[in-house]
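First comes the structure, then the notes that go with it.
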Amino acid sequence: MEVDDAVLPADARDGYETISAAEIRRAQQRAAFAAYSGPSARDFLANPPYPSFSLDQVVQVALQYQGVPYVYGGGTPAGFDCSGFTMFVYAQFGVALPHSSRAQGAGGIPISRADARPGDIVAMDRGGHVGIYLGNNTMVHAPMPGRVVEIEAIWDPNAWFVRYGA
């Protein structure tokens with residue numbers, strides 16, 4: 001038995017349109033970003049909750065933001081881009097970083113991979129990406145649209161490290 005395609009007249013449709021999961025996620029991100037009312041990096045710089053700088057504490061603070069969505073230009077827990085994430089974490093220690101991966105990778109004190117410590121900034125992709133080094137060739141970072149702050153291996157063999165605040 002063969003069935004012909006059925007065509008519903010316009011007045012028999014329910015009026016709903018299909019929305020992709022990605023569109024729903026983006027709408028949720030926009031709503032969270034608009035709803036965030038907590039402190040900004042600027043607020044933390046004026047009154048840091050961790051006035052004594054410690055690379056170990058930088059790591060602990062950074063790990064608290066796992067799961068925060070990537071948002072291009074984002075610099076709050078409503079959504080981070082890579083440099084907004086590192087800027088926000090370091091601001092909690094009174095350390096001002098620019099909201100630019102290239103500027104973060106070009107600033108600070110350059111250190112060798114062998115001397116890098118967890119909490120240092122790792123820069124890669126010719127300065128196009130930054131994260132916070134965790135040791136053992138791993139970092140915590142805000143990777144790209146559609147993903148969240150997460151731990152990942154450092155994929156760029158030409159990555160370099162810089163130290164701020166110590």
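Taking the simple approach of a point 7 Å from Cα along Cα-to-Cβ for both residue 35 and residue 17, what is their distance in nm?
2.4 nm
Using a 10 Å cut-off on Cβ atoms, rank the peptides 51-63, 132-144 from the highest mean neighbour count down. Numbers along the way, then the final one.
Details: 51-63: 16.0, 132-144: 19.6.
With the highest mean Cβ count within 10 Å placed first, the list reads 132-144, 51-63.
Let me know the shape class of region 29-161, please: from the alpha-carbon gyration tensor, a ≥ b ≥ c as square roots of the eigenvalues, rounded when a/c is under 1.5, otherwise prolate if a/b is greater than b/c, or oblate.
Values: a/c = 1.71, a/b = 1.25, b/c = 1.37.
Oblate is the answer for region 29-161, as a/c is 1.5 or above yet b/c matches or exceeds a/b.
Sort 147-159, 92-104 by the packing proxy (mean of other Cβ within 10 Å over each peptide's residues), most packed first.
Answer by packing, highest mean first, reads 92-104, 147-159.
No lab work stands behind these numbers, since they all come straight from the coordinates. Nothing here was measured: the structure is a model prediction, and the numbers come from that model. Neighbour counts are summed over all protein chains in view; Cβ atoms, including those assigned to glycine, are modelled from backbone coordinates with ideal geometry.
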